[in-house]
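The values are calculated or read from the model by the stated rules, or taken from the named source; none is laboratory data. Quick caveat, the model's predicted, so the values are computed rather than measured. We place every Cβ from the backbone using ideal geometry, glycine too, and count neighbours over all the protein chains shown.
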Amino acid sequence: MVAGVPTRTSFLIYLSGLAAWFVALGIQTVLFPWLAAVVLALPPAVVGVAQMALTGPAILFLLYAGAVVDRGDPRSILLRVHLLASLPPLVLAIVIYLGGLSVPLLLVYGVAMGTIQAFAVPARDSILPRVVRGTLPRAVALAVSVQFACQMVGIAAAFLADRIGAPVLLVAQACAVIAGATAVLNLPPRDVSLASNAAVSGRLAAMLEGLRAARRDTRIWPVLVVMTAIGIFYGGTFVVTIPIAVRDAYGRTADGIAMTNFAFWAGTILTSFLMAGIAARIHRPGAAMVGACLYGVVVLVLIGTLPAWPLLMLICFLWGLGAGITMTQGRTIVQSLAATEMRGRMLALFQFGFLGGTPIGALIMGGITQVAGVSVAMWVAAAAMAVILSLLMLRSSILTLRLDHAHRAGA
C-alpha cells in the first residue's frame with residue numbers, strides 16, 4: 001500500500017509486523033541461552049560473553065541506526081532488516097543439523113543478529129507516531145502489549161527445544177521475520193520532504209546532535225539513565241544469572257528457561273494491557289517508572305533466596321508486572337516529548353540504554369555469578385539499582401515529570 005492507507009488500517013498492519021518480529025525474538029530469547037548454557041554447557045562467564053555477542057552490537061550501532069532512520073525512510077530500512085534477519089537463523093539451523101555447533105559459530109550468530117536488531121528498533125519506533133489514531137500513550141501501551149504477547153508465543157514454542165531440536169525452531173524463527181516483512185511492505189512510506197530535511201547533516205553529526213539534545217532535555221535524560229541501569233543490572237541478571245540458576249540450582253534445561261521467560265512476560269503483558277486502558281490517567285509517568293524499578297529491587301532480592309520452583313515462577317510473574325509499567329511509561333515519555341525531527345535518535349537512545357546496557361550487564365553478572373554464585377550476584381544487582389534510583393530521585397525531576405495527554409501522534 002501507499003501513503004493513502006487509512007490510519008486505522010495502517011496501525012493494524014504495523015501491529016501485525018511487530019507481532020511477527022517478536023514471535024521470532026521470543027524463540028531466540030530461549031533458544032540462544034539454551035544453546036549456550038545447556039547444549040554447549042558453557043560456564044557462567046562464557047555464557048555472559050555469548051549474551052554480549054548478541055546484545056553488544058546495540059552499543060556500536062543503535063545511535064548510528066537512529067541517525068540513519070531520521071535521514072531516510074524507516075519503512076524501507078525496516079523491510080531490509082526483516083529480510084536480513086531471516087538469514088542467520090537459517091544458516092545456524094543448517095550447521096546444527098550437520099552437527100557443527102560451536103562457541104565461535106554461536107558468537108558469530110549473536111553478532112549478526114544483534115547488529116540487524118539494532119536497526120530494527122529506531123525504524124519501527126519512528127513509524128509508530130505516523131500510523132496512530134488517538135493519543136500516543138495508549139498506542140504505545142497497545143504496541144508494547146502486542147510485542148510482549150507475541151514474544152510469549154515464541155517463548156512457548158521454544159518449550160519444545162528439547163523435543164524437536166534447534167533446527168526446526170530456527171527455521172520457524174526465520175519464517176516469522178519473513179512474514180513480518182510482508183506487513184512492513186504495506187506500511188505507508190515516509191514523507192520525502194521530512195527525509196530530506198533530516199539529511200542536511202552527516203550521520204556522525206546527527207548522532208552527536210541527538211546526544212546533545214538528550215543531555216539538554218531535563219525531562220528525557222533521567223529516563224535514559226533508568227533504562228541503562230535496567231539493562232545493566234536487570235537485563236544482565238535476566239539473560240545470564242537466571243539461566244545459570246535454572247541449570248545449576250534447579251536442574252532444568254530449555255523448559256526451565258522458557259518457563260521463567262514465560263512467567264516474566266506474562267506479567268509484562270498484563271500490565272501493558274492495563275496501561276493501554278488507563279494511559280490518559282497517568283499524569284506522572286516518571287514516578288510510575290521509578291516506582292516499578294524499586295519494586296524490581298525487592299523482586300531480585302527474593303529471587304536471590306532461590307525459592308521453590310513454583311514460587312520462583314510467581315516471583316518472575318510479579319517482576320514482569322513491574323517491567324510492563326517501566327517499558328510503557330518510559331517509551332511514552334520519549335515518544336511524547338521528542339521533537340519530530342529528533343524522534344529516531346531519541347528513541348534509539350532510549351533503546352540504547354536497555355540494549356546497550358544488557359551486554360555490559362551480561363559480562364558483569366556473568367563474572368559475579370561465576371565468582372560469588374547466583375544469589376550474591378542478584379543481591380549485588382539489586383543494591384546497585386537501588387543506589388542509582390536513589391540518586392536520580394535526589395538529583396533529577398523524574399518524580400514530578402508530567403505529560404499533557406492531549407498530545408496526539410504527529411507526522
### Task
Considering only residues that are β-branched (Val, Ile, Thr) and without any contact (Cβ under 8 Å) to a residue 40 or more places away in the chain, look in the range 87-102 and name the one that is surrounded by the most Cβ atoms within 10 Å (Cβ to Cβ).
95
## Note on the structure
Checking 224, 194 in turn, the sole residue that is closer than 29 Å to residue 337 by Cβ, assigned to a helix (DSSP H, G or I) and modelled with pLDDT under 75 turns out to be 194
### Query
Would you call residue 129 under 25 Å from residue 189 (Cα atoms) and either among the aromatic types (Phe, Trp, Tyr) or surrounded by 17 or more Cβ atoms within 10 Å (Cβ to Cβ) (or both)?
yes
### Query
Quick one: which of 288, 266, 280 is over 25 Å from residue 33 (Cα atoms), in a helix (DSSP H, G or I), among the hydrophobic types (A, V, I, L, M, F, W, C) and at pLDDT 85 or above?
288
### Query
Does residue 347 satisfy being over 28 Å from residue 270 (Cα atoms) and assigned to a helix (DSSP H, G or I)?
no
### Summary
Out of (1) assigned to a helix (DSSP H, G or I); (2) within 23 Å of residue 373 (Cβ to Cβ), the one residue 252 does not meet is (1)
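Among the candidates 167, 189, 137, which residue alone is crowded, with 21+ Cβ neighbours inside 10 Å, touching a helix residue (DSSP H, G or I) at 6+ places or on another chain (Cβ under 6 Å) and in contact (Cβ under 8 Å) with a residue 24 or more places away in the chain?
From the options 167, 189, 137, the qualifying one is 137.
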### Task
Could you list all residues from the range 93-123 that are of a type outside the set (Phe, Trp, Tyr) and either under 15 Å from residue 64 (Cβ atoms) or touching a Lys or Arg at 6+ places or on another chain (Cβ under 7 Å) (or both)?
114, 115, 116, 117, 118, 120, 121, 122, 123
### Query
Residues in the range 14-23: is at least one small (Gly, Ala, Ser) and under 23 Å from residue 163 (Cα atoms)?
no
## Note on the structure
Selection over the range 368-383 where residues are assigned to a helix (DSSP H, G or I), of a type outside the set (Phe, Trp, Tyr) and surrounded by 17 or more Cβ atoms within 10 Å (Cβ to Cβ) yields a count of 10
### Query
Out of the range 257-310, which residues are farther than 30 Å from residue 219 by Cα, touching a residue at least 12 places away in the same chain (Cβ under 8 Å) and not hydrophobic (A, V, I, L, M, F, W, C)?
260, 261, 304, 305
